[in-house]
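These notes are about the structure you will find just below.
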Amino acid sequence: MATPKAIVLRAAGTNCDKESQYALELAGFAAKRDVHPRLYLTAERIADMRNKIRTEPYRSFLAKVRQVVDRGVKSGPPRYGDPGAKLNDEQLWQREVGNMMPHLAIMYVLTGEKKYLVVAKDWMLASASYKTWGWGVYEGIDLAAGHQLYGIALGYDWLYHDLDEKTRTTIRNCLQRRGRFMFEKIATRGVGWHNAYLQNHQWVNITGLAAAGLALYGEVENVDGWITIPLKKYKKVMASLGPDGASHEGVPYWSYGIEFMLKFMDLSRDLLGEDLFKDNAWFRNTTSFVQYSMLGRKFWTRESSLMSFADAPRYWWYGPDYMLRKLAAEYRDGHAQWLADETDKAGVCKCSACFLNLLWYDPTVKPESPTDLPMFKHFNDMELVFMRSGWGGNESVFAFKCGPHVGRHAVKAFSRDPGGWHVHPDAGAFQLFAFGDWLIADDRYSAKFTACQNTALINGIGQIGEGDLGFQGNLLCATSRGAAILRAFGGREFDYAIGDVTAAYKDKAGLEKFLRHVFYLKPDCWIIVDEFDTAEPAKFELFFHSDFPFKPKGKGQYVAGGKKGTLRLTALWPEDVTARTMKQALKSADDIEVTRGQIDALVLSNKSKRKSAVFITVLDAAPAGSEFRITAKTAKTTKGRTLTIKTPARMWKFLLLTGQKDRSQPIFKEIK
């Protein structure tokens, strides 16, 4: 089938609440006006899919869908629960209602088993009967509505000819009523996410609205704006994404957001003739971001398989198998295909939209193991550096973050924050997973405080954007401000990165310089050198967090040990460094006054205030129960301070060239 020409707007306006103002001409779509199904599926494609599901891997894809829908058959649709007086209830349980409906519908379409048609109708009618889709400020305009608009739209389109007239009318009326409500709110800028171009709430909701419009187009008048506004916004989204493929919202939120972006992009190209995949650097590179964020393959579990900054757990919320298969198909990316297969085999995927495996898999793209990839990777828009000891499956993984909160491109493009709510005040922070344990850990999904990150406080003062449930990034965008990676180098024996964290801090900190040097001696030693300068004498506090308590083990040494791996942290300098260990409370992201739990912390600081300080901290890891193999010492010489590190492979001796005018220059000068 020929690709339709792009849509043509007859008239448009962003502040108008009259749907007729958004009238459009869908060149090439006219032939589909009275045809169902048309969203992803056609009669021809259904016939082809019925043949494919007799073969692998489609048979296994369908089996996974069957597992999902059989749970839906057994449970039936959730009963509506009145939230009572809670005016801030998003009713997020309704997301799963929206997610279930396409699975039920495609199961019936491909197998012809009547029970799935009956149950699909039950779920769709239940959704249509719910008193509210979100409560209070969320009613009809947020995630509960976005998921259900999408799910009902696909069910309506795919089951159109199998629904009785009464059911079809009820569902059509629901889509029309709910879609029009969301459209009017968007058109009049009555939703908080209307200009949050880098935030998952916008992507979910405009995808749901567009799906509803495309399902009803031709039989319900004035749904044109339901399609054109999302398309216009998505074009802005695509222009706002940085080129490196990294996500400021973290990997789990990446999976949530990209799922809905890909859903729209597929519909857009097929029905609107607008190809948002073409010449899109972010989407072309985003598999790499996920690949480098994964832990060693042997350590993947449903509770822990990836490292992630921002509001994120250590596991997948959505997919990622079907998303990676789509990226593999679009960009002929064998690494994406491999990662899709391996996450599927490992059982770490979530089946929120696993029906898309049937639609998005391209068998002509052959899986490629990441063993041919470099072990070092710098994502230079989001300013993330990953250092790995290998790709064999049991490797150590170290991640260092030191960039603008939404990336270089976006912070320059916007004068206000375009969607950094889920970012943390973590410029200069790092994470370390080694020998099967989280030895330096992130605070995951919690309220935003610099003291909960693996970075520093200056006189108790943290980074811009902290202190609330969500990160506040308007000032950073208004001033095009943020941290930066000044140097990033990956080599055979060592990796090296320099992060300039200075610009991330509040002005009242009086910070003139905060450089963090990360020197990785492969495979198990990481040297952190921090340089500070302030306008007035200050106390510098370095925070380190772990899944395990830090226990003192001799002068300046602290050990955090798990069941599989153990970390030793050695505070080499300054001589008068003070240390304290604690259980640090994490504030809940749902209620800033409620603690989500605790995380073990070690805090290093200078004993007396000073205007300039250099901290040298050495981290080395080993299997639990074994001896550490690294020795480290520092000394004062006539040429400056030296650092000597002895590893099992060799002895390293460096002169530390601190205080250089050019901040991008290495401070480690090897002494032969």
Go through region 610-643 and give me each residue that's touching an Asp or Glu at 6+ places or on another chain (Cβ under 8 Å), of a type outside the set (A, V, I, L, M), closer than 20 Å to residue 565 by Cα and assigned to a strand (DSSP E or B). 617, 620
For region 36-72, the count of residues that are part of a helix (DSSP H, G or I), crowded, with 17+ Cβ neighbours inside 10 Å and of a type outside the set (D, E, K, R) equals 8
For region 562-573, state whether one or more residues are at negative phi, basic (Lys, Arg), modelled with pLDDT of 95 or more and not in a helix (DSSP H, G or I). yes
In the list 188, 228, 207, which residue meets the criterion of being of a type in the set (Ser, Thr, Tyr) and either modelled with pLDDT of 95 or more or surrounded by 24 or more Cβ atoms within 10 Å (Cβ to Cβ) (or both)? 207
Going by what's in this entry, would residue 516 be described as closer than 30 Å to residue 199 by Cβ, in contact (Cβ under 8 Å) with a residue 40 or more places away in the chain and either surrounded by 22 or more Cβ atoms within 10 Å (Cβ to Cβ) or under 26 Å from the mean Cα position of the chain (by Cα) (or both)? yes
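Looking only at region 291-308, count every residue that is modelled with pLDDT of 95 or more and out of contact with any strand residue (DSSP E or B) (no Cβ under 8 Å at 6 or more places or on another chain) and tell me the total.
So the count comes out to 6.
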Does residue 643 satisfy being surrounded by 16 or more Cβ atoms within 10 Å (Cβ to Cβ) and touching a strand residue (DSSP E or B) at 6+ places or on another chain (Cβ under 6 Å)? yes
Among the residues in region 592-609, are any of a type outside the set (Val, Ile, Thr), within 24 Å of residue 533 (Cα to Cα), under 30 Å from the mean Cα position of the chain (by Cα) and crowded, with 19+ Cβ neighbours inside 10 Å? yes
Expected output for region 466-489 (first residue farther than 15 Å from residue 383 by Cα, partner of a type in the set (A, V, I, L, M) and surrounded by fewer than 17 Cβ atoms within 10 Å (Cβ to Cβ), Cβ below 9 Å, 6+ apart or cross-chain) is 467/592; 468/592; 469/592
Is there a residue being farther than 13 Å from residue 293 by Cα, in contact with a Gly (Cβ under 8 Å, 6 or more places away or on another chain), of a type in the set (A, V, I, L, M) and crowded, with 24+ Cβ neighbours inside 10 Å anywhere in region 384-405? no
Residue among 209, 272, 231, 276 that is hydrophobic (A, V, I, L, M, F, W, C), over 29 Å from residue 588 (Cα atoms), touching an Asp or Glu at 6+ places or on another chain (Cβ under 9 Å) and touching a residue at least 40 places away in the same chain (Cβ under 8 Å): 231
Counting only residues that are in contact with a Phe, Trp or Tyr (Cβ under 9 Å, 6 or more places away or on another chain) and hydrophobic (A, V, I, L, M, F, W, C), which one in region 210-225 is modelled with the lowest pLDDT? 223
Report yes if some residue within region 157-177 is within 29 Å of the chain's Cα centre (by Cα) and either closer than 22 Å to residue 91 by Cβ or surrounded by fewer than 24 Cβ atoms within 10 Å (Cβ to Cβ) (or both); otherwise report no. no
Residues of region 221-266 that turn out to be more than 30 Å from residue 305 (Cβ to Cβ) and not in a loop (DSSP other than H, G, I, E, B), as a count: 13
Between residues in region 287-304 that are over 16 Å from residue 254 (Cα atoms) and residues that are of a type in the set (Asp, Glu), which pairs lie under 8 Å by C-beta distance while being six or more apart or on different chains? 296/395; 297/342
Residues being hydroxyl-bearing (Ser, Thr, Tyr), more than 18 Å from the chain's Cα centre (by Cα) and crowded, with 21+ Cβ neighbours inside 10 Å - total across region 438-479: 2
Given the condition part of a helix (DSSP H, G or I) and of a type in the set (Phe, Trp, Tyr), answer yes or no: does some residue in region 185-200 qualify? no
Which residue pairs have Cβ atoms under 6 Å apart, sit 6 or more places apart or on different chains, and have a first residue in region 246-264 that is farther than 16 Å from residue 284 by Cα and in contact (Cβ under 8 Å) with a residue 40 or more places away in the chain and a second that is buried (at least 24 other Cβ atoms within 10 Å of the Cβ) and of a type in the set (Lys, Arg)? none
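Here is a yes/no grid of residues against (1) buried (at least 18 other Cβ atoms within 10 Å of the Cβ); (2) more than 27 Å from residue 438 (Cβ to Cβ); (3) of a type in the set (Asp, Glu):
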{"position": "507", "(1), (2), (3)": "no, yes, yes"}
{"position": "510", "(1), (2), (3)": "no, yes, no"}
{"position": "534", "(1), (2), (3)": "yes, yes, no"}
{"position": "550", "(1), (2), (3)": "yes, no, no"}
Mind counting the residues in region 633-672 that are hydrophobic (A, V, I, L, M, F, W, C), closer than 24 Å to residue 553 by Cβ and under 37 Å from the mean Cα position of the chain (by Cα)? 1
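State whether the residues of region 2-10 include one that is over 17 Å from residue 151 (Cα atoms), in a loop (DSSP other than H, G, I, E, B), modelled with pLDDT under 90 and in contact with a strand residue (DSSP E or B) (Cβ under 6 Å, 6 or more places away or on another chain).
Scanning region 2-10 turns up at least one residue that is over 17 Å from residue 151 (Cα atoms), in a loop (DSSP other than H, G, I, E, B), modelled with pLDDT under 90 and in contact with a strand residue (DSSP E or B) (Cβ under 6 Å, 6 or more places away or on another chain).
The values are calculated or read from the model by the stated rules, or taken from the named source; none is laboratory data. Keep in mind that what you see is a predicted model, and the values were worked out from it rather than measured. Quick reminder, even Gly has a Cβ in these numbers, built from the backbone with ideal geometry, and neighbours come from all protein chains shown.
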